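Worksheet: one structure, shown below.
The values are calculated or read from the model by the stated rules, or taken from the named source; none is laboratory data. Fair warning: this is a prediction, and the values are worked out from it, not measured in the lab. When we count neighbours, we look across all protein chains shown, and the Cβ atoms used for this are built from the backbone with ideal geometry, even at glycine.
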Amino acid sequence: MRNIGLIVGREFRERVYKKSFIITTILMPLLMILLSAAPSLIMAFAESDNKQITVIDESGIVAPRLTSGEELSFEISDKELSEAIIEASQNEDNFGVLYIGKDIVANPNDVRLYTSSSSSLMLEESIAGQIEEVIESERLKEYNIENIDEILKKVEATVHLTTFRTDKEEQSAASSAIASSLTGLVLGFLLYFILVIYGSMVMQSVIEEKSSRILEVMVSTVKPFEMLMGKILGIALVAAVQIAVWGVLLVIFSALIMPALMPDNILDSVQQVQAGADVAAIATQQELSPELLTAMASVLDTGHIATIITLVLLFTVGGFLLYASLYAAVGASVDEAQDAQQFTTIITLPIIVAFVVIMMIMKDPNSAVVYWCSMIPFTSPIVMVARMPSGIPAWEIALSLALLYATFVLCVWGAAKIYKVGIFMHGSKPSFKDLWRWLRY
Amino acid sequence: MSNIISAEHITKRFSAHTALDDVSVEIPRGSVYGLLGPNGAGKTTLIRTITRISLPDEGRILFDGRPITQQDIFRIGYLPEERGLYRKMKVGDEALFLAQLKGLKRHEALVRLKEWFERFGIEEWWNKKVEELSKGMAQKIQFIVTVLHRPELLIFDEPFSGFDPINANLLKEEILRLRDEGATVIFSTHNMSSVEEICDHITLINKSHNVLSGRVDDIRRAHGGNIFSVQYRGDGKALAERIQGICEILEQEEATVGLSSLKIHIERNEDIRSTVSLINDAVELRQFTETIPSMNDIFIRAVNGGL
């Protein structure tokens, strides 16, 4: 135990006190914010591209009701079609000519758009949509119903389901398939991201002894298990510190930069939903999808949040440790980093499987596949977290966690054996009998 | 005198060859024990079996009379032939880290390290990075770290390789000092002069076998018989042809000026007189004396199959 502590300390100090570590730790969140802000910045600085369209309306019904927007502006003209087209092609600002037939209400296909440059699908749909609305309302008028507009407004409805569990344990826990799979996906990506950065760091660190030739001194001083465990925990600590710093910096930077770029009323809306307000109403009011709102509301529910965060941390840390021990095993079995490439790809495959399973949770959070994947340690960190919002019995979560951490220790133990056997076997292929002897030695 | 290490019938096979074939070695407590042998003889493999890095296919290692366990490893200080340090660390930090791994408390390690750094006159290295050190400098640090926790048994694999004569001498003195303080020292080498100076016991391993084992004095006396040095003037080639078959030529030095010399081994006592007369026939014999062989002679004869 003491040796593990010493090794953890060395791994941690050697990395954290390096200039390059400090620089990346500070620069990374800045970079992330700049990258995520880039599209909106570009949008803000780009010139708005307003397209002028000359409208020739033989029917006289449609043209006055076309509304010009940011992208489109309509100009009604009484000129002959051919004349208008020639004029439009000579004027650079003019995008084209829209011709609307005389009997448009009866024959909605009598619409043509003449352009000098290629038009976009969005543009065409926007024009067609506007014309459709005009035609529909004209046709309705022909039925001569009183107060038709009011009736229509009353009839219109959007349905969104908010579901509540009714079994004993978590009566009020709102379960939303979207919320859970969203959390699962986010955490899955987070874990994958952490592994890509720090997993190979673990591997490098295991290879370090071989390349610096201190290997034999170390094996004759500490048990390989202690050494690998120390390395994994040490780098996990580095990861924790770096991610925590990133988190804090991200919050600070976004507090400074984000308000300018994000609709700040989303959070207010989320709070209103939590307070029991009508989701659909607020959603339409804020032009947000109601699904997203419920999802955010149940994710951000403060009553839930403490337990969920604790569990999520336990699973993420466990998942990292487990995969890190696999990286350590790869490091133990190769002499140089180049030889490890193919193994590292295989290691991350179960994470991909977990992503697929998350999609299944949307259909049924309690199906057999989902259940087993939330128990099997290699997928459980992601799948169980995604399942959790749908209310899992405590013993299932406890079992899954226990399995995860037990497998981690087992993997380190196995990696240590590989390490020890791999060092001085010099090409003699061990038989199973030999392996058994080695495992007990 | 009890044995601190007994290796009993150790056999270790690798896929291509057998590195150790039924080798038994007994290392008395308090001795300086030399493991000799040409490159590839199996010295390092034997050391790795003793330090439990490598598992023997047959046989067993006894430490203090009972089978060796992982716990015993902390009573051993081992300086491997393949030695390195973490290159990016500061010398002092690294020495402290390794010393603590060997079970020393931080404070105690610090005190002892300062002592050793002073003794070697290298205090100013403390804050240097390891990668700035030369090979010899790094080796001094490795030596210090190996002996710092005062283990009962010290094992050095080729400790003198990479050292200049002055530092090699310093190392020799330190090894003897450690022996005087009660440690048992095993070291492997093919540097014969160091063997005569500091070893009291040796084992000679050649081609995976234990060829010769025992106290240095006893071995020299046992093999001291019938080695003669001859000083002569005349045709050395003719002389060599003449005495071939009756004795073994160990060394021959042809001098253009002064006397040439020859070192021979005569197997049977009754051949001595005839050998002398053969030499006398071939060249002008100026001197004929019996000598006690150096370990170097014994080593060469053993390796060439003359024993």
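Remarks
Here's the yes/no breakdown for (1) within 30 Å of B:Ile202 (Cα to Cα); (2) of a type in the set (D, E, K, R); (3) touching a helix residue (DSSP H, G or I) at 6+ places or on another chain (Cβ under 9 Å); (4) loosely packed, with under 14 Cβ neighbours inside 10 Å:
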| residue | (1), (2), (3), (4) |
| --- | --- |
| B:Glu241 | no, yes, yes, yes |
| B:Val257 | no, no, no, yes |
| B:Val276 | no, no, no, no |
| B:Val283 | no, no, yes, no |
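- Verdict on B:Gly77 being touching a helix residue (DSSP H, G or I) at 6+ places or on another chain (Cβ under 9 Å), small (Gly, Ala, Ser) and in a loop (DSSP other than H, G, I, E, B): no
- The set of residues from the range B:223-239 being surrounded by 14 or more Cβ atoms within 10 Å (Cβ to Cβ) and at negative phi comprises B:His223, B:Gly224, B:Ile227, B:Phe228, B:Ser229, B:Val230, B:Gln231, B:Tyr232, B:Asp235, B:Gly236, B:Leu239.
- Criterion: crowded, with 17+ Cβ neighbours inside 10 Å, more than 29 Å from A:Ser205 (Cα to Cα) and hydrophobic (A, V, I, L, M, F, W, C) - qualifying residue of A:Ala394, A:Ala324, A:Ala386: A:Ala386
- Some residue of the range A:25-47 being modelled with pLDDT under 85 and in a loop (DSSP other than H, G, I, E, B): yes
- Condition check for B:Ser274: within 27 Å of the chain's Cα centre (by Cα) and not aromatic (Phe, Trp, Tyr): no
- Residue under evaluation B:Phe143, criteria (1) touching a residue at least 24 places away in the same chain (Cβ under 8 Å); (2) more than 9 Å from every other protein chain (Cβ to nearest Cβ); (3) under 23 Å from A:Glu11 (Cβ atoms), criterion not met: (3)
- As a summary of the residue check, B:Arg48 satisfies the conditions (1) of a type outside the set (A, V, I, L, M); (2) more than 18 Å from B:Ser161 (Cα to Cα); (3) more than 10 Å from every other protein chain (Cβ to nearest Cβ); (4) surrounded by 23 or more Cβ atoms within 10 Å (Cβ to Cβ) except for the one numbered (3).
- Scanning the range B:197-233 for residues that are modelled with pLDDT under 85 and closer than 30 Å to B:Ser277 by Cβ yields a count of 8.
- None of B:Lys102, B:Lys114 is surrounded by fewer than 19 Cβ atoms within 10 Å (Cβ to Cβ) and farther than 15 Å from A:Gly9 by Cβ except B:Lys114.
- Residue selected from the range A:211-247 under the condition of a type in the set (S, T, N, Q) and more than 7 Å from every other protein chain (Cβ to nearest Cβ), by the criterion surrounded by the fewest Cβ atoms within 10 Å (Cβ to Cβ): A:Ser211
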